[in-house]
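The values are calculated or read from the model by the stated rules, or taken from the named source; none is laboratory data. What you are looking at is a predicted structure, and each value in this text was computed from that prediction instead of being measured. Note that each Cβ is placed from the backbone with ideal geometry, even for glycine, and that neighbours are counted across all protein chains shown.
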């Protein structure tokens with residue numbers, strides 16, 4: 001059944017406002033924002049979501065308030081997308097920290113997700129993305145995005161709340177990165193202390209020459225045995241991502 005022209009005309013503002021939020025969010029969500037994900041599919045998903053939500057989402061926006069609504073929607077989309085990607089930023093940061101601790105920070109390559117990155121960061125990012133897809137987190141993110149219009153209608157986001165939410169999850173990135181990299185950092189600290197004792201006992205030994213292969217072996221071994229812990233920690237964070245995004249949206253209410 002074809003909708004009347006008048007009905008389509010009334011839905012057009014709804015469609016455009018919804019497309020603004022969904023388009024910005026999808027450009028920043030994990031997996032969907034990847035450069036290996038075709039832009040045509042990303043645009044198609046954003047348009048499809050806007051078409052589905054346009055008939056059921058109500059908008060009461062005065063013409064004089066449209067510029068401010070657009071600004072708030074852009075800010076909301078950016079903060080929502082960054083909050084959803086916070087775990088991946090934390091994984092990338094943890095990879096850099098572990099690379100520096102094990103002496104692998106010089107081995108860098110280009111990561112289409114994060115830009116120039118170390119190989120350890122890319123390896124952990126791949127593991128995190130696989131866990132994300134296996135747990136259907138990308139479906140949960142789309143579900144929260146659709147429900148965000150119920151929790152926070154278009155143009156009602158509080159600017160101060162948006163900034164507060166941004167600071168909140170930015171702080172959380174450092175905490176998660178520290179938790180992920182903690183096993184390697186602790187083991188490498190103990191290794192440094194033990195090598196210091198060895199140097200004091202045998203001053204003739206070139207400790208810098210001996211330390212590098214030791215760091216590599218211990219670092220790789222620690223990362224290998226700590227992967228189940230990494231998967232468990234990431235699974236816990238991914239399980240609670242809907243509640244976390246709901247908390248972020250609640251903060252943006254002001």
Worksheet item: Can you pull out the helices (runs of 4 or more DSSP H) entirely within region 149-254 that have at least 2 residues that are within 29 Å of residue 127 (Cβ to Cβ) and at pLDDT 85 or above?
Response: 159-201, 207-239
Worksheet, complete the sentence: Among the residues of region 59-74, the number that are touching a helix residue (DSSP H, G or I) at 6+ places or on another chain (Cβ under 9 Å), surrounded by fewer than 18 Cβ atoms within 10 Å (Cβ to Cβ) and touching a residue at least 12 places away in the same chain (Cβ under 8 Å) is 4
Worksheet item: Restricting attention to region 161-172, does a residue exist that is over 30 Å from residue 145 (Cβ atoms), free of Cβ contacts under 8 Å to residues at least 12 places away in the same chain, out of contact with any helix residue (DSSP H, G or I) (no Cβ under 7 Å at 6 or more places or on another chain) and surrounded by 13 or more Cβ atoms within 10 Å (Cβ to Cβ)?
Response: no
Item to complete: Mind telling me which of the residues 54, 90 ends up being over 25 Å from residue 170 (Cα atoms), surrounded by 13 or more Cβ atoms within 10 Å (Cβ to Cβ) and either at pLDDT 85 or above or touching a helix residue (DSSP H, G or I) at 6+ places or on another chain (Cβ under 7 Å) (or both)?
Response: 54
